[in-house]
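Taking it in order: structure first as C-alpha cells, then the write-up.
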Amino acid sequence: MAQQTPVTPGADAAAPPAARDPRLIVTATSPRGLLAAGVRRLRGGELGPLPVIVGLVVICVVFQALHDRFLSPQNLSNLTVQVTAVGLMTTGVIMVLLLGEIDLSIGSVAGASAAVLAALTVHQGVPEWLGIIAAIATGTVIGVLHGTVFAKVGVPAFVVTLAGLLGWQGVQIYVLGSEGTVNVSGDGAIAALTTTYFLPSFGWGIGAVVVAVYAVASLFGERRRSAAGLPAKPAVEIAVRTLLLAVPVFGGIAILNQHQGVPLSFLIFVGFVVVFDLMLRKTRYGRMVFAVGGSAEAARRAGINVDLVRISVFALSSTLAAIGGVMMVSRSFSANLDTAGGDELMLAIAAAVIGGTSLFGGRGNAYSALLGGLVLGAITSGLLLLSMDSSIRYMITAAVLLVAVILDAVSRRSRKTHARG
Amino acid sequence: MSTPVLELSGISKRFGAVQALDQVDLRVAPGEVVALLGDNGAGKSTLVKVIAGVNPADGGDITWEGRPVSITRPNDAQKLGIATIYQDLALCDNLDIVANLFLGAEHTAFGTLDEVEMERRAQELLDSLSVSIPSLRVPVASLSGGQRQIIAIARSLLGDPKIVLLDEPTAALGVAQTAQVLDLIERLRDKGLGVILISHNMADVRAVADRAVVLRLGRNAGDFRVEDTSYEEIVAAITGAADNPVARRSGRVSAATTEEA
C-alpha cells in the first residue's frame with residue numbers, strides 16, 4: 001500500500017484522530033486548517049465553483065471600469081430577468097450532460113412551446129394559465145419522445161436531438177402561421193411572469209429563510225453524523241459556509257431591492273436550480289442519474305432501470321426548455337419565428353460547461369446553470385451597455401467557453417494524477 | 001462435511017453444435033472455498049453463468065440447501081443468496097465508496113437519501129471485513145485495483161448472500177493487493193459463506209481453496225482436496241496430461257523401447 005497516493009479527505013476529517021486511518025490527512029478545525037485543506041483540494045484539481053466565481057468578478061470589474069452603470073441596481077436587476085429563460089434551459093440540459101449525452105433540440109423545443117402558448121391563448125382563446133401548462137406539457141411530451149427513441153431504439157442522442165432541432169423548429173413555424181408573430185397581452189398571467197417584482201420585505205424574508213434553513217440543516221446533519229460516529233464538519237466550517245452563502249444572497253437582495261425588488265422570474269429560475277440541486281444530491285433519482293452517467297453497465301447491474309432514467313432525463317430537459325420558452329414569450333409579449341431560434345441553444349449548453357458541468361458525463365451540479373448563466377448574461381449585458389455589435393459578443397462568448405472547456409479538461413487531468421476520478 | 005448449500009448435478013448446456021457443459025457436478029458447503037479450475041474454453045464461465053442465472057442450464061438438477069430449485073434469471077440467483085462478482089467489477093468511478101456500495105439499494109429517510117445511515121453501515125461492513133480504506137467519501141476512481149475488488153465484493157455482501165462467486169478476482173492485481181483479496185476470501189469463509197473462486201493462478205488456489213474442482217472440455221476432470229494434492233496433479237487434470245503430445249510421445253517411446261528389448 002506504500003505506493004498509494006495519500007487521499008485528501010478535505011473537511012471530512014475532524015473526528016478524533018486516534019480512530020482514523022493513519023494515511024488520512026487530518027484537517028485541523030481551525031480556520032487556518034480549513035484554508036490549508038481548501039488549497040490542497042484546489043491543487044488536486046477540485047476547482048469547484050472557484051474559477052467561474054473569479055471569472056464573474058473579473059467580468060464585473062472590467063465592465064464597471066468601462067461603463068459606470070454596469071453595476072447599477074437597474075442594470076443588475078435587468079440582468080437577472082434576462083438570464084432566466086436561457087438559465088432554465090441550462091438547468092434542464094445539465095441533466096442530459098450528466099448522463100454524458102447532449103440535447104441539441106432545447107432551442108427548438110423552447111420555440112415550439114412558445115408558439116403553442118401564443119397560438120392557444122391568442123387564437124384559441126384558452127386561458128393564459130392553462131396555455132402555460134399546455135406549453136410546458138408539450139415540452140414534456142417531446143422529451144419523452146426523444147428519450148424513448150434514444151433509450152429504447154438506441155439511436156444516438158446527438159442524432160435524435162439533431163432531428164428534434166430541425167423538426168420542432170418546423171412545428172414552431174407551422175404553428176405561428178403566415179404572420180410569423182403572435183402578440184400576447186401585456187397584462188395577463190404570461191406577462192406577469194417577468195414583470196412581477198416582490199416587495200423589499202418579501203425579498204429579505206425569502207433570503208433569511210434560505211440562509212436559516214441552510215444553517216439549521218447543516219448543523220442538524222453534522223450532529224447526526226457525529227452522533228453516528230462518522231467524521232463531521234466542525235461548527236467553524238458550517239459558520240464559514242453559512243457566511244459564504246449569506247453574503248451573496250443578502251447582497252443580491254439588497255441590490256435588487258434598490259431597483260424594483262426581487263423579480264419573480266429570477267426567483268423561479270433560482271428555485272428550479274435549488275430544487276434540481278437537491279434532487280441530484282439528495283434523492284435516489286439523482287443518484288441514479290449520476291450512476292448512469294458514470295457507468296451505464298454498472299447501473300444496470302445494480303438494478304437501476306437505465307432506460308427509464310434516460311427517458312426521464314430527456315423529458316426534464318425538454319420540459320425545462322419549454323418553461324424557458326414561456327419566459328421568452330413573457331419577456332417579449334410575443335412568440336415569433338426568432339423566439340429561441342438564435343444562439344439560445346449554444347448559450348444554454350455553454351453556460352452549463354462554464355458553470356462547471358463536465359461534457360464527459362457523471363460530473364456537474366445544478367448550480368452551474370446559475371453561475372454559467374450569470375457569466376454569459378453579464379457579458380451580454382456589458383457589451384450592450386458599451387453598444388458593441390453582437391459579432392463581438394459571439395467572439396467573447398466563444399473565448400469564455402473555450403477557457404471553461406480547457407479548465408474542465410485540465411482539471412480532469414489533474415484529478416487523474418491526483419487520483420480523484 | 002455439512003450439507004452443501006448449493007449442489008449441481010448433471011448440468012448440461014449446449015450452444016448450437018457445441019456441448020459447453022456435459023453432466024457437470026459441483027457442490028459447495030457453507031464455510032468452504034471451492035476453486036473452479038480449467039483451461040480457457042473448459043466451461044468455467046458457462047458454469048458460472050448457469051449458477052448466476054445469466055444463461056440457464058439445458059439439463060441437470062440444482063439443489064439449494066437440500067431442496068431442488070430452478071435458476072432461470074439473475075434475480076432467482078440473487079433471491080436464493082448467490083452473489084456474483086464479475087471480472088469487470090461494474091463500479092461507477094464518479095461515485096464515492098458509500099454510493100457504490102448502496103447503488104440501487106439506497107437507504108432513504110423522508111424521501112431523501114439517508115447518507116448518515118449508509119455511511120455508518122458501510123463503515124461497519126468494511127470494519128467487519130477488516131478492510132481499512134482512508135475515507136469512504138472518495139470517488140472509486142481513486143482506489144487501487146485491490147481496493148476496488150474489495151469494494152465490489154463488499155457490495156455483494158450487503159444482500160446477505162450464502163454463496164459468493166468470484167470470477168478471477170486477482171487477475172489484474174499486484175502482490176500486496178492479491179494478498180488483501182485472499183485475506184478477504186478467508187474472512188468470508190470464516191463467516192460461514194460458501195465461496196466459488198475462479199482462478200488461473202495456482203498459487204492463489206493453493207493459498208485459500210479447500211477443494212479444487214477441475215473442468216476440462218465441459219466435463220468434470222477431477223475434484224481434489226487441495227492440501228492432499230500436488231500442484232502437478234491439478235495441472236495434469238487441467239491440461240489432461242494423459243492426452244497431450246508430451247504424454248503421447250512418452251507413451252510411444254516407452255512402448256517402442258519395450259518392443260525392442
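Every read-out reported here was derived from the displayed coordinates using simple, explicitly stated rules and does not represent laboratory data. Since the structure is predicted, the reported quantities are computational estimates derived from the model, not experimental observations. Cβ coordinates were reconstructed from backbone atoms using ideal geometry, including for glycine residues, and neighbour counts include every protein chain displayed.
Using the average count of surrounding beta-carbon atoms within 10 Å as a protection proxy, the listed peptides B:148-156, B:80-88 rank, highest first, as B:148-156, B:80-88. Relative to the longest principal axis of the Cα atoms of chain A, the long axis of helix A:200-227 makes an angle of roughly 30 degrees. Dividing the convex hull volume of the alpha carbon atoms of the stretch B:86-235 by its residue count gives 126 Å³ per residue. With respect to chain A, whose longest principal axis is taken over its alpha-carbon atoms, helix A:306-332 is tilted by about 50°.
I want the antiparallel fraction of DSSP beta bridges within the protein assembly as shown, as a percent rounded to 5. Working shown, then result.
Details: 28 of 45 bridges.
DSSP beta bridges in the protein assembly as shown are roughly 60 percent antiparallel.
Is the shape of the stretch B:92-158 rounded, prolate or oblate, going by the alpha carbon gyration tensor and its root eigenvalues a ≥ b ≥ c, with a/c under 1.5 for rounded and a/b larger than b/c for prolate? Prolate. For the segment B:104-117, counting C-beta atoms of other chains within 10 Å of every residue's C-beta and taking the mean gives 4. The helix-only estimate of mean residue ellipticity at 222 nm for chain A, built from DSSP H runs of length n ≥ 4 each weighted as -39500 (n - 2.57), is -23500 deg cm²/dmol after division by the residue total.
With a cut-off of 8 Å between alpha carbons and a minimum separation of six or more residues, what is the relative contact order of chain B in percent?
On the way: 464 pairs, mean separation 66.1, N = 261.
Relative contact order comes out at 25 percent.
Against the compact-protein benchmark of 2.2 N^0.38 Å, the Cα-based radius of gyration of the protein assembly as shown scales to 1.18. Put simply, the amide H of B:Leu113, placed in the peptide plane, has neighbours under 5 Å in A:Thr283, A:Arg284, leaving out anything fewer than 5 places away on its chain.
Rounded to the nearest whole Hz, the Karplus-based 3J(HN,Hα) values (6.51 cos²θ - 1.76 cosθ + 1.60, θ = phi - 60°) of the stretch B:215-232 follow the sequence 10, 9, 6, x, 10, 5, 10, x, 9, 10, 7, 4, 6, 8, 10, 7, 3, 5, with x at glycine and proline. Listed peptides A:206-212, A:377-383 appear in the order A:377-383, A:206-212 once ranked by packing, highest mean of other Cβ atoms within 10 Å at the front.
Can you sort A:Arg413, A:Arg281, B:Arg211 by how many other beta carbons sit within 10 Å, fewest first? List each step's numbers first, then the result.
On the way: A:Arg413 11, A:Arg281 15, B:Arg211 21.
In order of increasing Cβ crowding within 10 Å: A:Arg413, A:Arg281, B:Arg211.
With θ taken as phi - 60° and the Karplus curve 6.51 cos²θ - 1.76 cosθ + 1.60 applied, the whole-hertz 3J(HN,Hα) list for the stretch A:339-356 is 4, 6, x, x, 8, 4, 4, 5, 5, 5, 5, 4, 4, 4, 5, 4, x, x Hz, x standing for glycine and proline.
Which of rounded, prolate, oblate describes the stretch A:158-207, given a ≥ b ≥ c as roots of the alpha-carbon gyration tensor eigenvalues and a/c under 1.5 marking rounded, otherwise prolate only if a/b is larger than b/c?
Values: a/c = 7.33, a/b = 1.82, b/c = 4.01.
Verdict is oblate for the stretch A:158-207.
Taking chain A as a Gaussian network, Cα atoms linked when under 10 Å apart, which of A:Leu316, A:Leu97, A:Leu120 shows the biggest mean-square fluctuation? Fluctuation is largest for A:Leu120. Taking Cα atoms only, the orientation of helix A:390-417 departs from the longest principal axis of chain A by about 30 degrees.
Could you point to the residue in B:Gln123, B:Gln147, B:Leu101 farthest towards the positive end of the stretch B:92-158's charge dipole, with +1 and -1 charges on the Cβ of Lys/Arg and Asp/Glu respectively? Most positive-ward Cα: B:Gln147. In chain B, the calculated helix contribution to ellipticity at 222 nm averages -11000 deg cm²/dmol per residue, counting -39,500 (n - 2.57) for every DSSP H run with n ≥ 4.
If you average the alpha carbon positions of the stretch B:27-68 and of the stretch A:177-234, how far apart do those two centres end up, in angstrom? Centre-to-centre distance over Cα atoms comes out at 56 Å.
Between A:Met327, A:Met346, A:Met95, the Gaussian network model of chain A with springs among Cα atoms under 10 angstrom shows the greatest mean-square fluctuation at A:Met346. Using a Gaussian network model of chain B with C-alpha springs under 10 Å, which one of B:Val175, B:Val140, B:Val131 is most mobile by mean-square fluctuation? Maximum among the listed residues: B:Val175.
Rounded to a whole number of µm²/s, how large is the Stokes-Einstein D of the stretch A:225-295 at 25 °C and 0.890 mPa s, given Rh as the Kirkwood radius over C-alpha pairs? Could you put the intermediate results ahead of the total?
Numbers: Rh = 15.3 Å.
After rounding, the answer is 160 µm²/s.
Backbone phi angles across the stretch B:35-43, fed through the Karplus curve with coefficients 6.51, -1.76 and 1.60 (θ = phi - 60°), yield HN-Hα couplings of 8, 9, 10, x, 6, 4, x, 6, x Hz in residue order; Gly and Pro are listed as x.
Each Cα pair under 8 Å and six or more residues apart adds its sequence gap; the mean of these over the residue count of chain A is a relative contact order of 32 percent.
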